[in-house]
Amino acid sequence: MAEIRAFQGFRPRADIVDRVAALPYDVYNRREAKEEVEREPLSFLKVDRAETQFEDSVDMYSPLVYQKARELLDAMIRDGIYIQEDKKVYYIYELTMDGRSQTGIVACASIDDYENHIILKHENTREEKEMDRIRHVDVCNAQTGPIFLAYRAKEKIDAVVERVKQTKPVYRFASPDGIGHAVWVIDDDADIREIQEGFREVDRIYIADGHHRAASAVKVGQKRRLEHPDYDGTEEFNYFLSVLFPHDQLMILPYNRVVRDLAEWTEEEFLNKIKYIFDVKEENQPVQPMKKAEFGMYLHKKWYRLTLHTDRYVNDPVEGLDVSILQHEVFETLLHISDPRTDERIDFVGGIRGLKELERRANDDMCLAFSMYATSILELFAVADAGLLMPPKSTWFEPKLRSGIFIHQL
């Protein structure tokens, strides 16, 4: 039984929301973040990545940076860039990419549900990445980038969403990358109760994207509980900003791989080894796999379609994933890449970049590329339900949620 509650959020004025909304903080390196803030001074990225306000010589994790983030956020609220709702509400957030839409509910999820495994993860987190967002949330006293959650679709919730979407949205705009964004406010008390009760009938919610932000938000909540031993559980720090999507609306793109060398093998030897694992067929065009256990491979300016031999199928929620098959059968066994998180011979290319990017990398700084069949949302659910973890870089969700459209103050 999940507690998903309404909140009295801050959001940008409608006339500037398209300028404020920003991609997540972690899709940019430091140079790219600074360039984006220079391009659009109203971008919320200046708050999410406040090191953009300093010379490069300043440590991006300096206390000065987090204090600057707080100052910038306070100024945006004080200057009327943000407005606050009159009451606690839910929001509907629709994103449209290439003619396909997905619609989620913006709300606050419970840190207790996270700790009690009602909200399930499928990835490990790294402490150094958590620490950055812990400091950011704690100093800003606000959550500014929502966590991307998924749940098994529920008719009761869908009905409210579809009814409210028949009304005029408070925002409708396109971001520079062509993604369409629309937002509705759910402020009717009956609708709010219906959604809250609908989620109380949901026994499991899944983190699709934003594991570090979720873990950081929970740890800030735990810190505030220690600082306020008389807390009663209703305080805002007991909840974290989320967008919850029904599973049947989500699209996961593949997370492709590129490798720097063939280890000790010649090209001919490597191809011969691969044939013990896969049926190998040379193709005259780029290969985008169309089913599970099928891979595209690009080597020395040639594409191959690889289909796993049936005797190598594994009926296991993690080991049966395509990313696991490739890792165990090829990277570990043939190429001696045992830890893809730390080995510099491997890199990962989001499916949004396309097959041409795989060719470019393999012809440039790498030598071998693999195109993947996307992990499904039900595979993600199965891994999380089993209390297991996916290999790194198993999923690439598109489109990305924007930061700065919704702010949850603690």
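Only the coordinates and a few stated rules stand behind these numbers; no lab work does. All figures in this text were calculated on a predicted structure; none of them were measured in a lab. FYI the Cβ positions are ideal-geometry reconstructions off the backbone, even for glycines, and counts take in every protein chain you see.
Structural remarks
- Axis of helix 30-39 versus longest Cα principal axis of the chain: the two differ by about 50°, to the nearest ten degrees.
- Helix 211-227 and the long axis of the chain differ in direction by around 40°, with both axes built from C-alpha atoms.
- Cα shape, segment 252-367, gyration tensor, a/c 1.5 rule: rounded
- Think of each Lys and Arg Cβ as +1 and each Asp and Glu Cβ as -1; about the Cα centre, that makes the dipole of segment 255-373 roughly 480 debye.
- For segment 315-404, a/c is not less than 1.5, where a ≥ b ≥ c are the root eigenvalues of the C-alpha gyration tensor, and a/b does not top b/c. That puts it in the oblate class.
- Excluding same-chain neighbours fewer than eight residues apart, the lysines reachable from Lys356 by a Cα-Cα span under 23 Å are Lys281, Lys291, Lys292, Lys301, Lys302, Lys393, Lys400.
- In a DSSP loop and with at most 15 other Cβ atoms within 10 Å, the trypsin sites (Lys or Arg not before Pro) in segment 1-101 are Arg13, Lys87, Lys88.
- Summing charges over all other residues whose Cβ lies under 14 Å from the Cβ of Ala14, with Lys and Arg as +1 and Asp and Glu as -1, gives +2.
- GNM top mover of Tyr91, Tyr25, Tyr61 - the chain, alpha-carbon springs below 10 Å: Tyr61
- For the chain, the longest piece that avoids every one of the GluC sites (Glu not before Pro) found in DSSP loops with at most 11 other C-beta atoms within 10 Å covers 56-200.
- Fewest-first ordering of Thr125, Thr96, Thr144 by other beta carbons within 10 Å of each residue's beta carbon gives Thr125, Thr96, Thr144.
- Under 13 Å, Cβ to Cβ, from Lys129 - net charge with Lys/Arg +1 and Asp/Glu -1: 0
- Among Phe173, Leu120, Tyr61 the positive-end extreme of the charge dipole of segment 53-193 (Cβ point charges): Phe173
- C-alpha long axis of helix 63-78 to longest principal axis of the chain, angle in °: 50 degrees
- Listed residues His122, His211, His309, most fluctuating in the chain (Gaussian network, C-alpha, under 10 Å): His309
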